[in-house]
Each structure stands twice: as structure tokens, then as C-alpha cells.
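Input: a single structure, listed below in C-alpha cells.
The values are calculated or read from the model by the stated rules, or taken from the named source; none is laboratory data. None of the values given here were measured: they were computed from a predicted structure. Using ideal geometry, Cβ is built from the backbone for each residue, glycine included, and neighbour counts are taken over all protein chains shown.
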Amino acid sequence: MLKNKRLIKLTVSLFAVLSCLLMMLTVSGEEDKEVLVIGVPADRTPVFYVDEASDEIVGIGVDVMRIAAKNAGYEPVFVDLQEATLKDALDSDAYDVVMPFGSAISSTEGKQSIVSESLIETPFTFVTEKNRNLSQFRNLKVGMLRSQSGVAETVRQRYPGITISTYETMDECVKALRGKKVDALLHNSYVWSYILQKPSYSDLKIQPAAVFSMEFRAGTLDTPKGQEIMERLNQGIGKITDTQRQAIALDYTSRRLYRYDLSDYLYQYKLVLLVFLLLLVSLIAFAMRRQKAASRKREEQIRQLVDIDPLTNMLSMNGFRKRVEELLHTHPDIQYLITYNNVRNFKFINDSLGREAGDDLLRFWGRKLLENLSEEETACRITADHFAILRRIQDEEKIKQDERNIIEPVRNFFIDQGKGTRVQICTGIYVLTPEDYQKIDVDKTLDFARLAEQRLRNTRKDGYEFYNPEEWKRGKQVADVCGRLPVAIREKELQVWYQPQVNYETGEIIGAEALCRWNHDKLGWLRPSEFIPILEEAGLIYDLDCYMWNQVCQDLQRWNQQGQHRTVSVNLSRCDIREELNIPGQFFDLIKAYDLTPDQLRIEITESAFAENPELLIRMTVKLREFGFQVEMDDFGSGYSSLHMLKEVPVDRIKLDLDFLSGAGDPERGRIIISHVVQLVQSLGMNLIAEGVENVSQANFLKSRGCIEMQGFYFYKPMSSSEFEELGEKPSSKNPEPK
């Protein structure tokens with residue numbers, strides 16, 4: 001028994017000695033650590049606040065920062081910020097580091113700051129009165145604490161349309177919200193979880209649709225010392241695990257705002273903790289899985305609430321904005337219109353047939369829209385009986401089809417049920433312009449459509465009204481031309497016509513210019529001026545030109561086989577002149593494929609094209625001539641750089657524009673100019689042909705000045721290939737008058 005007592009005393013003494021040694025080592029280690037003074041606002045429970053029991057600053061931000069600092073070899077000391085804003089605090093020497101920042105800002109004195117890596121991602125949430133819903137962030141007036149100036153600056157950068165007002169206390173913020181001075185209050189959701197427990201705030205609610213996250217950082221001035229601190233802190237932050245962050249956030253947001261330090265728990269309950277350690281790890285893992293699953297479910301619920309209309313299962317206005325922006329970015333070549341649709345007599349329907357009947361009508365309308373829209377189109381229910389639709393511009397047949405499949409069934413919805421009420425629909429239409437694609441603003445375009453709808457509704461009629469009918473006509477024309485082009489090529493609607501060129505002295509046909517004519521399936525014969533500019537603007541003119549060049553070569557091959565060796569001038573659009581298109585090689589491949597000689601194709605390039613891209617065009621012209629083709633400068637004299645082009649560009653023939661004779665201005669001066677141009681071109685060793693000759697006096701004048709090759713209505717109008725083929729090589733009946 002005595003031995004046992006001595007053994008116990010020896011064990012107790014040994015334990016005491018070891019405890020003293022451990023305490024000495026701990027104190028020594030702590031003395032070696034460098035103190036880091038961290039300034040924080042102590043009025044943001046549960047992120048930063050003063051624990052009444054310990055009179056120390058605690059919270060989510062404190063615990064996460066404490067781990068990072070200790071990982072970095074610092075002994076953190078947290079002090080309450082005395083300055084009004086973080087900008088003011090940056091200029092104070094009282095702190096080594098200031099929190100919290102979303103991103104780097106300038107101090108009040110204009111000094112640059114530097115921030116750490118993200119300690120934790122804090123979700124920021126809008127709070128409003130319970131009777132208020134936020135459908136969008138545009139032009140929102142938001143209240144925030146004045147001490148959150150750094151966060152406010154980050155919010156302004158992310159959402160330029162938001163107006164922010166700051167207040168000293170949360171009570172002042174709430175007073176401003178109730179007084180309609182602001183639309184919502186903004187703070188992180190950790191703080192709201194604490195603040196909204198206050199009974200006097202029971203009329204406030206968190207807006208689940210208005211959540212975004214902001215990174216939580218520490219900051220200091222951008223100095224060598226500041227850079228050293230941030231570098232060490234970033235190393236400490238990198239050692240923090242997600243499990244640690246989640247445990248701290250969960251701890252402070254589940255009511256238990258004041259917890260023991262981990263070391264206290266270990267000392268007091270070390271045996272219990274040892275027993276339940278494995279169980280605790282399992283529970284934490286299970287809780288995290290449940291939390292992730294719940295988070296995914298909440299996100300999906302929020303998306304459904306924000307983007308989907310619960311009554312019709314269509315897009316909401318918020319979802320419609322996103323989808324319209326996506327479609328316009330993805331399909332900039334599609335001509336769109338946007339419509340605002342309203343049931344004129346909806347209040348009468350609700351009053352006389354009941355609200356459920358009105359809801360049935362809206363669901364039916366939404367279903368009909370969804371059934372008839374393509375993947376490149378979209379629609380939404382804005383609110384009540386108002387619908388918005390983004391639709392491709394369509395031809396008349398498609399519009400009639402929509403009338404049969406959508407509008408008429410909706411109009412007759414109650415009549416088909418034997419209730420005798422015809423639904424009146426008013427539709428305002430706005431056709432999107434090129435500017436609308438460059439700067440997308442869905443609300444603005446919808447406002448234009450709404451104005452057209454209101455204008456129609458004020459006439460007490462139903463139907464539709466255009467806001468910009470000119471754009472509708474233009475958009476429809478573009479759709480008719482561009483959308484039809486592949487079919488027109490396949491169905492031979494596009495035809496090559498030829499305008500003969502003659503030698504006025506002999507009357508001999510010396511060639512022809514190939515011109516395009518379009519016998520549109522629905523619009524009939526189109527003039528080139530009606531479709532060529534549209535195809536050039538849409539980037540489709542190259543497809544048309546390739547088709548024309550191929551058809552001309554087919555005709556030339558057939559005429560060669562008939563023993564008629566002819567020469568045809570083909571047009572090269574200025575839009576075809578691009579680095580990636582090997583135009584000379586294409587023409588060379590064509591004459592080889594059809595067994596033609598280079599002299600049978602003359603390449604016409606308009607004068608304005610030479611002015612737009614002279615270097616590339618000169619290289620292309622040189623290459624064409626190396627292959628044996630003759631190059632013509634078309635519309636010479638219609639631009640402002642003709643003489644310069646004659647000096648720079650190596651062409652074979654000039655096509656003289658007779659606007660000098662037939663256009664406005666002094667005709668005598670025009671004749672003088674033409675006389676000298678003819679002499680100039682001949683002196684340069686180039687051939688010359690005049691186009692647009694309309695009468696005998698013009699022809700005789702040109703001949704008298706030495707220009708004998710001509711083209712124009714005085715000799716021949718453009719004709720089909722068969723008519724030109726029958727014409728053969730017989731002389732023109734328009735011979736020069738005898739002197």
C-alpha cells in the first residue's frame with residue numbers, strides 16, 4: 001500500500017514538471033511570434049463583434065483571419081476600427097492590416113492598397129420589405145452601412161446602374177428602406193442571419209433572387225512592408241482548408257455565436273472527444289453532403305423563381321432578358337422583331353368569367369406560343385396578361401400561318417367553349433435595328449414595342465401596330481433576299497443576262513458584260529439594286545459572284561463548241577477582295593475546268609474598290625494579268641480618286657462612266673472633261689470603252705473624240721443568254737451617222 005502511495009506521488013510530481021516545461025515552451029514560442037495588429041469593424045455580428053463575456057472581438061472573419069495569421073507566423077491582435085471608413089483606416093498607422101475588403105481600393109489620401117488572397121467567400125444578399133419583390137437590378141437604389149465603403153465601391157463596379165446611399169447604423173438603413181428612400185438594403189447573409197432575428201425587423205425579408213458572392217480579403221497600403229505582410233498572409237491563407245471555413249461559418253450562423261476555443265474543448269472534454277472523434281468526423285461529412293445537396297436545391301429553386309413564370313411555365317421577364325441577349329449574340333445575322341402583347345378585355349374576362357378562366361386563357365396562350373416558336377426564338381409572360389415575343393422576321397405565308405395557329409385559337413378560346421366572349425389582342429411590334437445588335441438593351445426595345453401597342457389600344461381596336469415600319473420593310477426584304485439565296489441558286493432563279501458591247505465604227509459586237517437578274521419565287525423580277533447591296537451588307541455577295549462566274553464559263557464553253565469565240569466581262573465585288581480569297585487562282589481554275597482561254601474573261605473591278613484597299617487590289621490585279629486575264633476599271637469618273645488610280649493600278653481597259661454627259665451640271669464642261677480623259681487614257685496605252693450610251697448624239701461625240709467601243713441602251717438592253725446566243729456576231733443596226 002505504501003509503495004502504491006509513493007508511486008502516485010512520483011507520477012503527480014512528474015506530471016507537474018512536464019506541465020511546467022510545456023508551459024515554458026509555449027510561452028517561449030509565443031514570444032517569438034511577430035504581433036500583427038488587425039483593424040476590424042466590431043459592429044457586424046456574426047462576422048465581427050465584441051463578445052460580452054470575454055470583451056474580445058470575435059466572429060467568422062476573426063476566426064478565419066486568426067488561422068491564416070498563425071499559419072503565417074503572426075500573433076494576431078484584433079482592434080476595433082475608430083475611423084468612419086476603410087479608406088480612412090488605410091491611412092492610419094494604428095493597424096498593420098485592415099478588414100474586410102472585396103478588392104483593392106485607394107485610401108482617402110489617394111494611396112494605393114494591396115489585398116490578400118480570399119479568406120472566405122461571403123454571400124451578399126438584398127433585404128426588402130415583405131411586400132416588395134425585386135425583378136431586376138437595373139436602376140436599383142440600395143442602402144448600405146457607411147463603414148462598408150470598400151464593398152460599396154466593388155458593387156458599383158459590378159452593377160453600374162445601382163445607386164448606393166450609406167448610413168451610420170443599421171437602424172438608419174432600415175428607416176430609409178421603410179421611408180422608400182431606398183429599394184433594398186445590402187449586406188452579407190451571415191450578418192442578415194443575425195440582424196433579422198431582431199423582432200422589430202420582422203417586416204423585412206431576404207430576397208433569394210438577388211444573391212451574389214464577394215471575396216473576403218484583408219488589406220494594407222502598397223508598401224514594401226505591406227507587400228511582405230501580404231506575402232506571408234497569403235501563405236497562411238493557402239493552408240486553410242474548406243472544412244475549416246465551413247465549420248466556422250456554420251458555427252456562427254446556427255445561433256451559437258459564442259463558442260469556446262478549440263483548446264478549451266480539448267482540455268475539458270478530451271476523453272469524450274477522443275471517444276466520439278470518429279463519429280464527429282462522420283457527422284461533419286454527412287452534414288456537408290446534406291448542405292451541398294440543399295444548396296443545389298436552393299439554387300434550382302431560385303432559378304425557377306427568377307427565370308420561369310409559374311402560371312404558364314414560360315420564361316419570366318428576367319429569363320427572357322437573358323435568352324434574348326444570348327440569341328442576339330449567337331445569331332447576329334438573323335433579322336429579329338420583338339413584340340409586346342396585351343389582352344385588351346382581360347379585366348372583363350376576369351370579372352365576368354372568373355379568375356380561373358383568365359388563368360386558363362393565359363396558360364393556353366403560352367402553350368400555343370411554345371408550340372410554334374423555333375429554337376432561335378423565345379417568348380415570356382411579363383406579368384398579368386402581358387406577353388413578350390422575340391421572333392424572326394418572316395414572309396407573308398409564315399405570318400398567315402401564325403395567325404391560324406396562334407392568334408385565332410387564342411381569340412376564339414372562350415367561343416370554342418360556348419361562352420361567347422371573343423378575346424381582343426393588341427400587339428406592338430418593334431423591328432430590331434443594327435444598333436440594337438451592337439448595344440443590346442432588351443427593356444428599351446420592349447418599351448418601343450409597348451409604345452406601339454399603346455398607340456393601337458388607344459384607337460380601341462385590336463390587331464398589331466409597328467413602332468418602326470421602315471425597319472420592318474427593310475428587315476423583311478433582307479430576310480426575303482438572304483434567306484432565299486441558297487434556294488434561288490439551286491432552283492435557277494438567278495440568271496445571267498448579257499449586255500452586248502459594240503465597235504461603233506463597224507457595228508461589230510466585240511463582247512458583253514455579264515449582269516445578274518433574279519426572278520424571285522414570290523417577289524418576281526428583282527433589280528440588281530434591290531438585292532446586291534443587301535447581299536454585300538450580309539456578307540453573301542461572294543456566293544452570288546461565284547455562281548455567276550461559273551454560269552458565264554458554262555456559256556462560254558458552249559459557244560466555243562458552237563464555233564463562236566466570245567469575250568465576256570464579269571464583275572468582281574469590292575466585298576470579294578479579301579486576303580483569304582485567292583481570286584486570281586479561282587479564275588485560273590475556272591478557265592482550266594471549262595477549257596477556255598484567259599482572253600475570254602475580262603475582270604471588272606469598280607473604281608471605288610481600288611480606293612478602299614489599293615495595296616491588296618494592286619497585288620491581285622498584277623496576279624490576274626500574269627495569268628493572262630484583262631482587268632477593267634469599272635465606273636471610271638464616278639469617284640474622287642480616278643487620276644490617282646490611273647497612276648497606281650495596272651489595268652488594261654477603262655470603262656468610262658457617262659455621268660459627265662447625262663448627269664447634272666454644265667454639259668459643255670462634261671464634254672471637255674471626257675475629251676481629255678479619252679486622250680489621257682489613250683496616252684497611257686490603255687483601252688477605253690464608254691458605258692451608259694443612251695442616244696446617237698452621245699455615241700457620235702465619243703467617236704469624234706476617239707472612243708469607238710461602247711455599251712448602252714442605245715445599242716442593246718441586257719438580254720437572256722439565249723437571246724444573246726441568237727444575236728450571234730451580226731453587226732449592230734446602230735451605225736454611225738454619215739458626216
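Here are a few things to note about the model shown:
- Unique match (being part of a strand (DSSP E or B) and assigned by TED's automatic domain parsing to the domain that holds residue 501) among 571, 550, 560: 571
- Per-region count, region 309-333, residues closer than 14 Å to residue 388 by Cα and among the hydroxyl-bearing types (Ser, Thr, Tyr): 2
- So residue 390, is it crowded, with 19+ Cβ neighbours inside 10 Å, assigned by TED's automatic domain parsing to the domain that holds residue 355 and out of contact with any helix residue (DSSP H, G or I) (no Cβ under 6 Å at 6 or more places or on another chain): no
- Residue 321 meets the stated requirement of being among the basic types (Lys, Arg) and in contact (Cβ under 8 Å) with a residue 60 or more places away in the chain.
- Options 81, 119, 145: the member that is hydrophobic (A, V, I, L, M, F, W, C), closer than 19 Å to residue 36 by Cβ, at pLDDT 85 or above and under 37 Å from the mean Cα position of the chain (by Cα): 119
- Which listed residue is in contact with a Phe, Trp or Tyr (Cβ under 9 Å, 6 or more places away or on another chain), without any contact (Cβ under 8 Å) to a residue 40 or more places away in the chain and farther than 30 Å from residue 357 by Cα, from 437, 504, 467, 498: 467
- Residues in region 517-535 that are farther than 18 Å from residue 499 by Cα, in a strand (DSSP E or B) and without any contact (Cβ under 8 Å) to a residue 24 or more places away in the chain: 524 alone.
This table checks each residue for (1) loosely packed, with under 13 Cβ neighbours inside 10 Å; (2) of a type in the set (A, V, I, L, M, F, W, C); (3) in contact (Cβ under 8 Å) with a residue 60 or more places away in the chain.
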residue: 368; (1), (2), (3): no, no, no
residue: 377; (1), (2), (3): no, no, no
residue: 424; (1), (2), (3): no, no, yes
residue: 432; (1), (2), (3): no, yes, yes
residue: 447; (1), (2), (3): no, no, no
residue: 450; (1), (2), (3): no, no, yes
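- Qualifying residue in region 216-223 (condition: in the same structural domain as residue 121 (by TED's automatic domain parsing) and outside any strand (DSSP E or B)): yes
- Residue check for residue 578: of a type in the set (D, E, K, R) and under 28 Å from residue 726 (Cβ atoms): no
- Answer residue from region 242-266, given it is acidic (Asp, Glu) and modelled with pLDDT of 55 or more and is farthest from residue 51 (Cα to Cα) among those: 242
- Test for residue 418: is it in contact (Cβ under 8 Å) with a residue 60 or more places away in the chain and either surrounded by fewer than 18 Cβ atoms within 10 Å (Cβ to Cβ) or more than 16 Å from residue 334 (Cβ to Cβ) (or both): no
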